[in-house]
Amino acid sequence: QVQLVESGGGSVQAGGSLRLSCAASGSIWSVNAMGWYRQALGKQRELVAVITRGGSTNYADSVKGRFTISRDNAKNTVYLQMNSLKPEDTAVYYCKAYGLTYDHWGQGTQVTISS
């Protein structure tokens, strides 16, 4: 199994920045990629960014140029640097590990952006 713990959420004003962290433990060898998703109140969960084992990244159009996904392999941690935040970025952000057989989710961290 893989355990994921998100941190770094909080409340900031529009235009501000936050960095989310996702610390992974357990059967990390089985993870092929890591991703960040978000779910706003009353909306469906959506993909924000993905980073593969090889380091390739992909982003949702709504966050391109503002968000950056990265990882620190030594710390088994994935990050999401969020800049130029907008009120529409307000959501619970979830970390996801894509495993060989199962996908794993963290419990989420709240991000609130005020106008």
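The values are calculated or read from the model by the stated rules, or taken from the named source; none is laboratory data. In this text, all values refer to a predicted model and were calculated from it rather than measured experimentally. As a convention, Cβ positions derive from the backbone with ideal geometry for all residues, glycine included, and neighbour counts pool all protein chains shown. Please note that ligands, DNA and RNA were not included when accessible areas were found on the heavy atoms of the full protein model with its side chains. Shrake-Rupley method; radii C 1.70, N 1.55, O 1.52, S 1.80 Å.
Descriptive notes on the structure:
- Computed extension length for Gln3-Asp103: 34.9 nm, one decimal, from 0.36 nm per residue of separation with the Cα-Cα distance subtracted.
- Cβ-based net charge around Lys43, under 14 Å, with every Lys or Arg adding one and every Asp or Glu removing one: -1
- Diffusion constant of the stretch 21-65 at 20 °C, which comes from Stokes-Einstein with the Kirkwood Cα-pair radius and 1.002 mPa s, µm²/s: 177 µm²/s
- Taking 7 Å steps out from each Cα toward its Cβ at Ser17 and Gln110 produces label points 2.5 nm apart.
- Taking the chain and dividing mean pair separation by its residue count, relative contact order in percent (alpha carbons under 8 Å, at least six apart): 37 percent
- Summed side-chain charge close to Gly106 - residues other than Gly106 whose Cβ falls under 13 Å, Lys, Arg +1, Asp, Glu -1: +1
- Compared with the alpha-carbon gap, the fully stretched path from Lys43 to Asn58 is longer by 3.2 nm at 0.36 nm per residue.
- If you run the Gaussian network model on the chain, springs between alpha carbon atoms under 10 Å, then out of Asn83, Asn58, Asn73 the most flexible one is Asn73.
- The orientation-averaged shadow of the Cα convex hull for the chain, equal to a quarter of the hull surface, comes to 6.7 nm².
- Rolling a 1.4 Å probe over the protein heavy atoms leaves Ser114 with an accessible area of roughly 50 Å².
- By accessible area with a 1.4 Å probe, ligands and nucleic acids excluded, highest first: order of Leu100, Leu47, Leu85: Leu100, Leu47, Leu85
- Within the accessible area of the chain, the carbon and sulfur atoms contribute 47%, probe 1.4 Å, all protein chains present.
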